[in-house]
1. Here is a list: V147, V168. Which entry is buried (at least 19 other Cβ atoms within 10 Å of the Cβ) and in contact (Cβ under 8 Å) with a residue 40 or more places away in the chain?
2. Considering only residues of the range 5-39 that are among the small types (G, A, S) and surrounded by 12 or more Cβ atoms within 10 Å (Cβ to Cβ), which is nearest to Q57 (Cα to Cα)?
3. Consider E182 carefully, then state whether it is surrounded by fewer than 19 Cβ atoms within 10 Å (Cβ to Cβ) and not small (G, A, S).
4. Of all residues in the range 1-34, which are part of a helix (DSSP H, G or I) and either more than 18 Å from Y240 (Cα to Cα) or among the basic types (K, R) (or both)?
5. Would a scan of the range 69-87 turn up a residue that is without any contact (Cβ under 8 Å) to a residue 24 or more places away in the chain, surrounded by 14 or more Cβ atoms within 10 Å (Cβ to Cβ) and of a type outside the set (A, V, I, L, M, F, W, C)?
6. Return the only residue of I268, I230, I236, I220 being in contact with an Asp or Glu (Cβ under 9 Å, 6 or more places away or on another chain) and of a type in the set (A, V, I, L, M).
7. Select from the range 194-252 the residues that are of a type in the set (F, W, Y) and closer than 19 Å to N295 by Cβ and list them in ascending order.
8. Just checking, how many residues over the range 227-248 are among the aliphatic types (A, V, I, L, M) and not in a helix (DSSP H, G or I)?
Amino acid sequence: MSVLDLARPELRTLQPYSSARMEASGGQIMLNANESAWEPTGEAGAGCNRYPDPQPQPLLQALANLYGVQAEQLFVGRGSDEAIDLLVRAFCRAGQDAIVIQPPTFGMYAVCARIQNAAVIEAPLAEDFSLDIPALLAAVTPAVKLVFLCTPNNPSGRSISCADIEQVAQALADKALLVVDEAYIEFSDQPSAIGLIARYEHIAVLRTLSKAWALAGARIGSLVANSEVIALIRRIMPPYPLPLPCVAAALAALSLPGQAAARAHIAIVREQRAFMRRSLVALPGVRAVLPSDANFLAVRFDDAAAVYQRLLQAGIVVRDVRRYPKLQDALRITIGTPDENAKVLAILEHMTADDRRAADGSV
């Protein structure tokens with residue numbers, strides 16, 4: 001059985017839109033795309049009067065080198081969100097097929113499925129936020145076409161081992177595409193699931209430049225998968241998903257100086273993550289700090305709502321994750337610069353000191 005047998009049959013023979021850049025490029029006088037002949041005002045707009053390459057080869061090659069794959073195994077789009085949406089549209093028939101997720105987890109898997117009118121089946125994580133493999137596999141019905149795993153998980157921060165991912169992949173052979181979201185993998189010691197793709201054609205991996213590579217505003221995300229899956233995704237992608245300035249920013253980030261800067265910042269985040277965890281867990285009013293392999297910490301508080309408001313009053317915005325299962329008392333705090341982290345701790349320390357004085361009747 002081919003992995004494409006899991007996809008929507010009508011898309012396998014779909015004639016994709018043929019954009020002007022796909023049909024011809026590199027000419028001296030470009031009169032085939034109804035573009036403006038004049039560049040827009042300002043240095044940032046240089047070259048933007050022309051449509052960009054839908055899948056620019058320099059960026060594909062740079063990412064292929066980074067991830068250790070071939071360019072034909074890569075789709076690059078507007079963040080991981082676009083790849084998630086395209087996967088759901090490619091594999092799930094509206095009103096018939098389903099996906100499986102493990103809450104609490106990243107919300108866009110379910111959003112994209114519901115937009116497509118695909119069912120969302122939940123197989124919750126265990127109480128310690130580890131993957132419950134028996135529950136996950138029990139949730140897989142014949143309607144399920146995609147199973148999403150997020151590692152390190154958002155919002156808990158816990159990783160899934162490659163051994164567990166492989167166990168799930170073995171069980172899903174000929175049943176569903178296993179999509180492993182590795183948005184935060186650079187902050188973890190766990191190896192990437194990309195290494196499993198050569199052995200399991202039904203594994204796809206999501207990667208992004210938004211986190212460790214500091215390009216959240218450029219919206220550059222990748223799907224790494226079997227070349228047949230990538231060819232299918234490219235068949236249904238928008239004509240021009242990658243803005244020219246975003247591609248330029250990505251290539252700069254992936255240059256040798258850019259990679260050196262990213263590695264230095266990752267090291268700071270990992271050191272500060274450990275420091276913040278030690279500091280937070282020692283504060284009164286903090287119930288627990290969940291172990292994290294990502295660039296954030298999920299923190300349980302006695303009064304998460306009060307902490308959120310106190311930080312907000314000080315101009316510090318953290319993520320309120322109390323709506324997520326098993327996290328009704330938690331806030332998610334991104335690891336910032338050392339100065340930013342120190343300000344968070346100072347506010348929380350001051351807050352707990354005020355609370356103690358109030359309890360003693362001294363205020």
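The values are calculated or read from the model by the stated rules, or taken from the named source; none is laboratory data. The structure displayed is predicted, hence computed values, not measured ones. Methodologically, a virtual Cβ is constructed for each residue, glycine included, from the backbone with ideal geometry; neighbour enumeration extends over all protein chains shown.
1. So the residue among V147, V168 that is buried (at least 19 other Cβ atoms within 10 Å of the Cβ) and in contact (Cβ under 8 Å) with a residue 40 or more places away in the chain is V147.
2. Checked the range 5-39; the qualifying residue nearest to Q57 (Cα to Cα) is S25.
3. no
4. V3, L4, D5, L6, P9, E10, L11, R12, R21
5. Within the range 69-87, none of the residues are without any contact (Cβ under 8 Å) to a residue 24 or more places away in the chain, surrounded by 14 or more Cβ atoms within 10 Å (Cβ to Cβ) and of a type outside the set (A, V, I, L, M, F, W, C).
6. Result: I230 is the single residue among I268, I230, I236, I220 that is in contact with an Asp or Glu (Cβ under 9 Å, 6 or more places away or on another chain) and of a type in the set (A, V, I, L, M).
7. The one that is of a type in the set (F, W, Y) and closer than 19 Å to N295 by Cβ: W213.
8. Qualifying residue count for the region: 2.
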